[in-house]
Amino acid sequence: MSLQRRISWALGALVAVFVIAQGVLAYLSLEEQEDTLVDEIVLSETKRLVGRLESGELKVAAGVSEIGLGANLTAWLLAGDNADRSSLPSRLRALTPGPHVIEKDDQAFHIVVAPMLLGTLIVQYDATLNEQRVYRFGIELLIIGALCIGLGAALSNMLARLVVAPFNRLTERFARWAPGESAVTTANGDEEATLLAAFDRVRSGLEGAAARQREFAANVAHELRTPLSAVRTDIELTALSASLNADERARLGRAMQTIDVAASTLESLHALSAQNPGRLEPVDLHVLVDDAWRSLAHDGHERPLHFVNEVPTGDTIVSDRHALLTILRNLLRNAVEHAGTATCVVRRDAEGLHITDDGPGIAPADLPFVFERYYRGRFADSPGQPASDRGLGLAIAKQSAEVNGWRLTVESAPESGTCFSLSLTPAAAI
């Protein structure tokens, strides 16, 4: 059964229960009021007759006397204790003193038997017409109730359609957007089942895409690691040649350093794609900061920035070297690109590393978004950089920090410089 039909049935059932309950209460209330009113009439008339008879205002003959009081009211006085009751209607002959209600053959009578000094007074009210009116009122209530239930069912169906419409649109969009599915499929008209099936397809597609991304990163790291190692070995062997001059040896050294950066970047990206920290090893933070700065020497950026490494020499921790190098390279590259002619200082404290520059700072409107992928704000990377590569450095740094359980934050103000803080609390110092 579809969700719309279930909602419609539920609302219709509530309307039906409400209408039936109200109708039953109205009918029972009217019937009770009718009985109470008739009883009051009979008792009032009985008291009035007793008063008239005992005061002598109303004279009757001995024996059984019938007193006409109107269309529906009739009274009988049985004078004396041994009055013959055979002349009374059969329904009255055996009644004891007190009020009585007799219903027989579609007739209803309210009767009061009242003992008095002159004998016994019987007052009867024929309530047949009253009961017929109550019965007709019940029939009218049934008709009105049926109409209300029918109208309620129609309104419930309309309301269910309105309520389910956004759900249906969401289901349709998910079903059409689900990877590998081009058309909406409906499980026996059940919107809930259709949406769950679409969610399952979306989840499967996303999980597959994530798995393919991890496989791609692992394949790239695996396939490039061997040729990079081979190139580095060739360079090392070439550097041993005695025929090289100083400039050639320097170029070979820079080439080996670039290969090391590429290999480190591959390891870091592999860890990012798997969302797992990399291999832990002792890391000299002072040397690592210098390596990160030197790796930017030949990446195409001019460096008017003055760099100062204030991390104490020999400060060593056990951590993921590749992740730290990736974070520092991106933070320093950001300072090179945007701080202008300024001074960048890297400091170390008990919490972690702080990369500070006294450049123009970051506008308050841009500050909450600097770690978002492709967000550049007022910043612009190198003009020659592809648009798809811009605005990624800080996002990669942030993601690398989070994967390793670190915390990367930024504080900045226009014309007051910028400070990136990398909390290394989980890292163990040695």
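The values are calculated or read from the model by the stated rules, or taken from the named source; none is laboratory data. Computed from a prediction, not measured in an experiment: that's the story for all the values here. Using ideal geometry, Cβ is built from the backbone for each residue, glycine included, and neighbour counts are taken over all protein chains shown. SASA here: full protein model, heavy atoms, side chains in, ligands and nucleic acids out. Shrake-Rupley method; radii C 1.70, N 1.55, O 1.52, S 1.80 Å.
Kindly check whether there is at least one residue in the stretch 29-39 that is over 21 Å from V101 (Cβ atoms), exposed (fewer than 13 other Cβ atoms within 10 Å of the Cβ) and either of a type in the set (A, V, I, L, M) or modelled with pLDDT of 90 or more (or both). No: zero hits.
Filtering the stretch 64-81 down to residues that are farther than 16 Å from T128 by Cβ and not in a strand (DSSP E or B), which residue is nearest to the chain's Cα centre (by Cα)?
L69
Taking the conditions exactly as written (in contact with a Ser or Thr (Cβ under 9 Å, 6 or more places away or on another chain), more than 27 Å from T356 (Cα to Cα) and either modelled with pLDDT of 90 or more or of a type outside the set (D, E, K, R) (or both)), does L240 satisfy them or not? So L240 does not fit the description; no.
Residues of the stretch 115-136 being in a strand (DSSP E or B) and open to solvent by less than 20 Å² (accessible area, probe 1.4 Å), which ones? First the steps, then the outcome.
Filtering the stretch 115-136 down to residues in a strand (DSSP E or B) leaves 115-116, 119-126.
Passing the criteria: G119, L121, I122, V123, Q124.
The residue pairs whose first member lies in the stretch 1-22 and is touching a residue at least 40 places away in the same chain (Cβ under 8 Å), whose second member is open to solvent by 50 Å² or more (accessible area, probe 1.4 Å) and among the hydroxyl-bearing types (S, T, Y), and whose beta carbons are closer than 9 Å, counting only pairs six or more residues apart or on different chains, are S2/T186. When the stretch 82-109 is examined, which residues are found to be assigned to a strand (DSSP E or B) and closer than 17 Å to E66 by Cα? Listed by number, the list holds a single entry, F109. Among residues of the stretch 336-349 that are under 16 Å from I317 (Cα atoms), those with a beta-carbon under 7 Å from a residue that is at pLDDT 90 or above and open to solvent by 50 Å² or more (accessible area, probe 1.4 Å) at least six positions away or on a different chain give the pairs R347/E310; R348/P312.
Condition (residue is touching a Phe, Trp or Tyr at 6+ places or on another chain (Cβ under 9 Å), modelled with pLDDT of 70 or more and either open to solvent by 70 Å² or more (accessible area, probe 1.4 Å) or charged (D, E, K, R) (or both)) applied to the stretch 201-216: is it met by at least one residue?
Within the stretch 201-216, the first condition is being touching a Phe, Trp or Tyr at 6+ places or on another chain (Cβ under 9 Å), and the residues that meet it are 201-202.
From what is left, the residues that are modelled with pLDDT of 70 or more are 201-202.
Now restrict to residues that are either open to solvent by 70 Å² or more (accessible area, probe 1.4 Å) or charged (D, E, K, R) (or both): 201.
Looking through the stretch 201-216, at least one residue is touching a Phe, Trp or Tyr at 6+ places or on another chain (Cβ under 9 Å), modelled with pLDDT of 70 or more and either open to solvent by 70 Å² or more (accessible area, probe 1.4 Å) or charged (D, E, K, R) (or both).
Could you check the stretch 331-350 and list, in sequence order, the residues that are open to solvent by 10 Å² or more (accessible area, probe 1.4 Å) and modelled with pLDDT of 90 or more? Within the stretch 331-350, T343, V345, R347, R348, D349 qualify.
Count of the stretch 65-100 residues, restricted to those that are open to solvent by less than 50 Å² (accessible area, probe 1.4 Å) and under 12 Å from T120 (Cβ atoms), is 12. Checking each residue in the stretch 403-414 for being at pLDDT 85 or above and out of contact with any strand residue (DSSP E or B) (no Cβ under 8 Å at 6 or more places or on another chain) picks out V403, G405.
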